[in-house]
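Take a look at the structure set out below.
No lab work stands behind these numbers, since they all come straight from the coordinates. Every value quoted in this text rests on a predicted model; they were computed, and no experiment measured them. Cβ atoms come from the backbone with ideal geometry, glycine included; neighbour counts cover every protein chain shown.
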Amino acid sequence: MKGHTIKGGHKRPTKSGAGMTKKGVAKYRRDNPGSKLKTAVTGKVKKGSKAAKRRKSYCARSAGQMKKFPKAAKDPNSRLRQARRRWKC
């Protein structure tokens, strides 16, 4: 995602849980018309709701990233691990 920076407020710093901010998602959607990108599901959700399904899907995808990048998986401060923590995976 070219042009998306932490300094520009588009991505969260790793210490703040990594991932994209509302501002970053808005910029991405402007740059990519038709995109359905949304911010992270971080709060409590009802079982079986759309948000719960998005969370489950993200957690499954990011689990694959953990296998692909074992170095990031072992580092508790990696962007991958911080984002998974923020999504409550």
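Relative contact order of the chain: 29 percent, from C-alpha pairs under 8 Å at least 6 residues apart in sequence. For the chain, the mean residue ellipticity at 222 nm estimated from helices alone is -14500 deg cm²/dmol, where every DSSP H run of n ≥ 4 contributes -39500 (n - 2.57) and the total is divided by all residues, rounded to the nearest 500. Contact order for segment 41-89, expressed relative to its length and based on alpha carbon pairs under 8 Å spaced 6+ residues apart, stands at 37 percent. Computed on the Cα atoms alone, the convex hull of segment 31-84 gives a volume of 116 cubic angstrom per residue. Approximating the spin labels as points 7 Å out from Cα along Cα→Cβ, the A60-to-Y28 distance works out to 1.9 nm.
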